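A.B. asks: Before we start, here is the structure in question, set down as structure tokens.
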Amino acid sequence: MSRLIAVYNDDNKLMEAADQLVEMNAPVEEVVTPFVIEELLAKFHVKSNIPLLAFFYGVVGISSVLAALYYTFVISYPLNIGGKPSFSLTFPVLMFIGTVLITVLSTVVTFFYQDRLKPGKKLDFEYPGMNDDKMIVLIDKSKINADMESKLRDMFAKTGAEKVEVVE
């Protein structure tokens, strides 16, 4: 697959290019940055369901931790300690730790599943410095014509792209 890429080293220049890409209605395949840029996600209308799922996982986590504590201290191994009830919710640390553990592990598994990441997966695209300090805009060449490509190249040059090239 042939792609037109623009490499930036400044996030302000990338945001300027993103504004113009949205105005031009360019078919942006992906923007690779070494850190999250929230404004960029908003510009390209990228929505994530991870926060909602994390809340759901938290509810499931606290429910399962409470169920495990109830089973352990009331059904399986009840102890009478000074006449106190067996299940008095005096275990906030266990509930907190268990809830956080279940939420984090479930969210990480969901993230890996949604992004189709797995051990040994080959990268779809690799560029030197893309994990260090380079921000890269990827555009699929099969979705643009020659006129649009020249407009994109000019726009990338005007917005301060370090490099504009076609990669396979």
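The values are calculated or read from the model by the stated rules, or taken from the named source; none is laboratory data. All values reported here derive from a predicted model rather than from experimental measurement. Positions of Cβ are generated from backbone atoms using ideal geometry, with glycine treated the same way; all protein chains shown enter the neighbour counts.
A.B. asks: Quick one: count up the residues across region 80-119 that are in a loop (DSSP other than H, G, I, E, B) and surrounded by 12 or more Cβ atoms within 10 Å (Cβ to Cβ). Even if it seems obvious, please write down each step before you answer.
C.D. replies: Keep residues of region 80-119 that are in a loop (DSSP other than H, G, I, E, B), which gives 80-91, 115-119.
Of the ones still in play, those that are also surrounded by 12 or more Cβ atoms within 10 Å (Cβ to Cβ) are 85-87, 91.
Result for region 80-119: 4.
A.B. asks: Among the listed residues Ala6, Ala26, identify the single one that is more than 19 Å from Pro128 (Cα to Cα), hydrophobic (A, V, I, L, M, F, W, C) and surrounded by 15 or more Cβ atoms within 10 Å (Cβ to Cβ).
C.D. replies: On the way: Ala6 fails: more than 19 Å from Pro128 (Cα to Cα).
None of the others qualify; the one that does is Ala26.
A.B. asks: Would you say Lys122 is under 30 Å from Leu4 (Cα atoms), outside the structural domain of Glu16 (by TED's automatic domain parsing) and either basic (Lys, Arg) or surrounded by 12 or more Cβ atoms within 10 Å (Cβ to Cβ) (or both)?
C.D. replies: Working: under 30 Å from Leu4 (Cα atoms): yes; outside the structural domain of Glu16 (by TED's automatic domain parsing): yes; either basic (Lys, Arg) or surrounded by 12 or more Cβ atoms within 10 Å (Cβ to Cβ) (or both): yes.
For Lys122, the condition - under 30 Å from Leu4 (Cα atoms), outside the structural domain of Glu16 (by TED's automatic domain parsing) and either basic (Lys, Arg) or surrounded by 12 or more Cβ atoms within 10 Å (Cβ to Cβ) (or both) - is met.
A.B. asks: Tell me whether region 29-40 contains one or more residues that are free of Cβ contacts under 8 Å to residues at least 60 places away in the same chain, over 12 Å from Met135 (Cβ atoms) and within 17 Å of the chain's Cα centre (by Cα).
C.D. replies: Taking every residue of region 29-40 in turn, at least one turns out to be free of Cβ contacts under 8 Å to residues at least 60 places away in the same chain, over 12 Å from Met135 (Cβ atoms) and within 17 Å of the chain's Cα centre (by Cα).
A.B. asks: In addition: Looking at region 1-21, can you tell me whether even one residue there is in contact with a Lys or Arg (Cβ under 6 Å, 6 or more places away or on another chain) and assigned to a helix (DSSP H, G or I)?
C.D. replies: Scanning region 1-21, I find at least one residue that is in contact with a Lys or Arg (Cβ under 6 Å, 6 or more places away or on another chain) and assigned to a helix (DSSP H, G or I), so the answer is yes.
A.B. asks: Pull up region 84-116, narrow it to residues that are within 18 Å of the chain's Cα centre (by Cα) and at pLDDT below 85, then point me to the one that is farthest from Ile5 (Cα to Cα). First the steps, then the outcome.
C.D. replies: In the first step, residues of region 84-116 are kept if they are within 18 Å of the chain's Cα centre (by Cα); the result is 103-116.
Still in the list and also at pLDDT below 85: 115-116.
Values: Asp115: 21, Arg116: 23 Å.
Selected residue: Arg116.
A.B. asks: Please name all residue pairs, on different chains or six or more residues apart, with Cβ atoms under 6 Å, provided the first residue is in region 71-97 and is assigned by TED's automatic domain parsing to the domain that holds Val60 and the second residue is outside any loop (DSSP other than H, G, I, E, B).
C.D. replies: Ser86/Phe73; Ser86/Val74; Phe87/Tyr70; Phe87/Phe73; Phe87/Val74; Phe91/Leu69; Met95/Val65
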